[in-house]
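I have placed the structure first, in the form of C-alpha cells, so that the comments after it can refer back to it.
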Amino acid sequence: MDFVLPLVLGFVIAVIGILPPGLINMTAAKVSVVDGRNEAISFAIGATVIVLLQTYIAIQFAKFINSRQDIITLLQEIGLILFLAITLFLFLTARNPKKTKQEIKMQSKSSRFFLGMLLSSLNLFPVPFYVFVSVTLSTYGLFYFNLLYIYSFVSGVVIGSFTGFYLYILYFKNHQNKSDYLIKNGNYIIGSITGLISLVTFFKLITIYWT
C-alpha cells in the first residue's frame with residue numbers, strides 16, 4: 001500500500017497545476033469546441049505523454065540534489081518567490097477578469113496528438129515545478145526517492161494531468177457561455193492554494209535559518 005500516498009499526491013498536485021487557465025488546457029478546450037471531443041482527447045493524450053517525461057526527468061534531478069541541503073534550501077527560496085508571484089498574479093487576474101476569446105490557430109485536424117506533444121514540450125514549467133514539489137515532499141517525509149514512490153508519483157501526475165485536461169474539455173464543450181465564471185473562480189481557488197503553500201514554505205525556511 002506504500003504506492004497509494006505518492007499516487008494520490010501526484011494526482012492532486014497535477015490537477016491543481018492544470019486548473020489555472022493556460023495555453024495547453026485552453027487549447028484542449030478550443031479543440032473540443034471546434035473539432036469535437038475525440039480530437040480534444042487525442043490532443044490531451046499527446047500533452048500528457050510529454051508531462052510524463054518531464055515529471056520523470058524532474059524527479060531524477062531532484063533525487064540527484066536531494067542530499068545537498070544548501071541546494072534544497074535554495075530551491076525552497078526560489079519556490080517561495082515563484083508561488084508568491086503566482087498567487088499575486090491569480091488574485092489580480094481574478095479581481096480584474098478579462099473576457100478572453102483566445103484565438104488559438106490550428107492548421108491541420110489530422111495531428112491533434114502531435115500538436116499536444118508540441119505545445120506541452122514548449123512548456124518547460126513542469127520540470128522545475130516537480131523538482132521543487134518532490135524535494136519539498138521529501139523534506140516532510142511524504143516522498144522517498146525509490147522506484148516504488150517515483151513510479152507511483154509519476155503515474156499519479158499522468159492521471160491527474162489528463163484528468164485536468166479532460167475537465168477543461170468537458171466544461172468548455174458543455175458550458176461555452178460560462179467560461180469566464182470558471183476562470184474567475186478558479187483563479188481564486190488556485191491562488192488560495194498557492195498562497196497556503198507559500199506560507200508553509202516561508203515558515204519552513206524560518207526554522208532552517210533559526211536552527
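Say each of residue 77 and residue 124 gets a label point 7 Å from the Cα, pointing the same way as Cα to Cβ; how far apart are those two points in nm?
Simple spin-label model gives 2.2 nm for this pair.
For residue 88 and residue 23 in one chain, what is 0.36 nm times their gap in residues minus the Cα-Cα distance, to one decimal in nm?
Full extension of this stretch gives 21.5 nm more.
Kindly rank 155-161, 112-118 from highest to lowest mean number of other beta carbons found within 10 Å of each residue.
Going from most to least packed, we get 155-161, 112-118.
If you add up the charges near residue 144, with Lys and Arg at +1 and Asp and Glu at -1, over every other residue whose beta carbon is less than 13 angstrom from its beta carbon, what do you get?
The answer is 0.
Rule-based calculations on the coordinates, nothing more; no lab input. Every value quoted in this text rests on a predicted model; they were computed, and no experiment measured them. Positions of Cβ are backbone-derived with ideal geometry, glycine not excepted, and every protein chain shown enters the neighbour counts.
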